[in-house]
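Below is one structure, written out as structure tokens, with a few remarks after it.
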Amino acid sequence: MKGWSITAFFALLLLCSCSNQERYIYEGDSEHWHGELEVNVTEKETTKDFALIFNKDVEELGEAGYVEYEYEMNTSTGNGEITLEHTPENGTFTHHSGSSSSVFTSDQTIRVTVRWGENKEEFVLKK
């Protein structure tokens, strides 16, 4: 019985130490785009996974030739440019970044700017 108690204690301790992660999801839309940003914060690092999804017919993107995007947060920014030689069938573009800093303010609005061809849209992501 004593062995089970010790095993249960260490299992619980291990689970608690692994759950020191905070996860935040932000979403927003414009006329042509939907954006999602997932931020995971641990004691050692912050990771960001950004997805940009085209809401219209994907063939329209091929005519533009490229997509540029930028998202701005209080503590950091992310950006990218994609040449549309091979447009994804689902019109989804992703960006992953991370840092060794665990500084993150969850109560913020994230500004997104997207340019493609002669078009530009801006929108915000919120929790």
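The values are calculated or read from the model by the stated rules, or taken from the named source; none is laboratory data. Please read all numbers here as calculations on a predicted model, not as lab measurements. Backbone-built Cβ (ideal geometry, glycine too); neighbour counts: all protein chains shown. What goes into the accessible areas is simple: the full protein's heavy atoms, side chains included, and nothing from ligands, DNA or RNA. Shrake-Rupley method; radii C 1.70, N 1.55, O 1.52, S 1.80 Å.
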Query raised in the report: How many of the residues making up the stretch 1-44 are modelled with pLDDT under 90 and among the aromatic types (F, W, Y)?
Result: 3
Report summary line: Within the stretch 24-48, residues being open to solvent by 60 Å² or more (accessible area, probe 1.4 Å) and under 8 Å from the mean Cα position of the chain (by Cα) number 2
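Name the residues in the stretch 62-111 that are of a type in the set (V, I, T) and either in a helix (DSSP H, G or I) or in contact with a strand residue (DSSP E or B) (Cβ under 7 Å, 6 or more places away or on another chain) (or both), would you?
V67, T77, I82, T83, T92, T94, T109, I110
For every residue, the table says whether it meets (1) farther than 21 Å from V39 by Cα; (2) open to solvent by 40 Å² or more (accessible area, probe 1.4 Å).
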| residue | (1), (2) |
| --- | --- |
| E63 | yes, yes |
| Y66 | yes, yes |
| Y71 | no, no |
| T83 | yes, yes |
| T94 | no, yes |
| T105 | no, yes |
| Q108 | no, no |
| R115 | yes, yes |
| K120 | yes, yes |
Query - the stretch 49-61, residues that are part of a loop (DSSP other than H, G, I, E, B) and surrounded by 14 or more Cβ atoms within 10 Å (Cβ to Cβ) - result: V58
Query raised in the report: If we scan the stretch 82-93, do we find a residue that is free of Cβ contacts under 8 Å to residues at least 40 places away in the same chain and touching a His at 6+ places or on another chain (Cβ under 8 Å)?
Result: no
Query - Pairs where the first residue, in the stretch 62-76, is at positive phi and the second is open to solvent by 60 Å² or more (accessible area, probe 1.4 Å), C-beta under 9 Å, 6+ apart - result: G65/T83; G65/E85
Report task. Check the stretch 42-58 and report whether any residue there is farther than 14 Å from E27 by Cα and of a type in the set (G, A, S). Result -> no
